[in-house]
Amino acid sequence: MHNFWKNLPTTGFANEAEVESRLVEPLLEAIGYDKADIAPKYPVFFQEGKKGRKHEADYVCFNGPVRDRNSSLLVVEAKTPGEDLPDGKKQAESYAANLRAPIFLLTNGVRLQVWQFQWSQESTTIIDIPLAELSANRGKIEQSISKQALVDYCERLKIKTILLASATYDRYETAELARTEKYSGSIGRTVRQVASNDIGDLIRSTDLLGSYRTGAI
């Protein structure tokens with residue numbers, strides 16, 4: 001069990017920075033996001049005519065270190081303790097739309113809300129609880145916004161094809177590395193120059209780079 005769930009911070013936040021450091025960051029790690037997945041103060045650029053406006057989302061969670069619209073999973077906006085969450089909902093929703101993130105989370109250190117972004121209509125609330133009830137809703141939170149839950153959600157709706165391809169490859173690569181770990185790093189071969197039957201033209205593959213510095217096929 002992650003330590004976050006044993007020692008839940010539910011009160012005593014002095015400002016927005018404490019909401020982020022004591023609540024948001026530990027929560028994201030507790031539900032499966034590695035540090036490489038979490039981008040704090042992530043720039044969001046809105047185009048308006050010839051000029052653009054740059055904003056920053058408090059946090060954006062991605063599926064791995066490649067950070068773009070094809071791998072975005074979750075936008076998080078933290079507010080000053082006690083600040084009304086509706087004031088931040090529109091902002092977080094616009095970030096989610098810009099980054100194509102399917103879910104966004106809002107918290108002010110008193111309440112926590114999770115919204116499911118809808119492309120064609122108003123986003124819908126899927127979690128809205130006082131922070132004191134965070135532990136009681138752990139299962140719902142993990143099922144809704146954990147990294148694996150959102151990767152599965154994107155896969156099910158086919159909304160991020162590149163994300164799925166990279167996630168599938170990551171699992172394959174990990175399995176292959178584990179399978180081949182017991183073998184040596186390479187297998188030596190002996191090759192012969194094309195159209196040559198002279199035994200003197202045989203060369204070991206480990207010597208190729210030294211013998212053919214300009215390259216060999």
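The values are calculated or read from the model by the stated rules, or taken from the named source; none is laboratory data. If you're wondering where the values come from, they're calculated on a predicted model, not measured in any experiment. Reconstructed Cβ throughout: ideal geometry from the backbone, glycine too, with neighbour counts over all protein chains shown. Areas reflect the complete protein model, heavy atoms only, side chains present, ligands, DNA and RNA absent. Shrake-Rupley method; radii C 1.70, N 1.55, O 1.52, S 1.80 Å.
Taking amide H atoms as placed 1.01 Å from N in the peptide plane, the amide H of I103 lies under 5 Å from those of V75, F117, each 5 or more residues away in sequence or on another chain.
With 25 Å as the limit, the listed pairs K6/K158; K54/K89; K6/K41; K6/K140; K79/K158 have K6/K158; K6/K41; K79/K158 beyond it between alpha carbons. Heavy-atom surface analysis with a 1.4 Å probe gives segment 53-136 a carbon and sulfur content of 47 percent of its accessible area. Rolling a 1.4 Å probe over the heavy atoms of the protein chains gives segment 1-105 an accessible area of 49 Å² per residue.
Put a dot 7 Å past the Cα of F46, heading toward its Cβ, do the same for E155, and the two dots end up 3.5 nm apart. In this structure the amide hydrogen of N108, modeled in the peptide plane, comes within under 5 Å of the amide hydrogens of K79, none closer than 5 places in sequence on its chain.
Charging the Cβ of each Asp and Glu at -1 and of each Lys and Arg at +1, and nothing else, the dipole of segment 1-118 about its Cα centre rounds to 380 debye.
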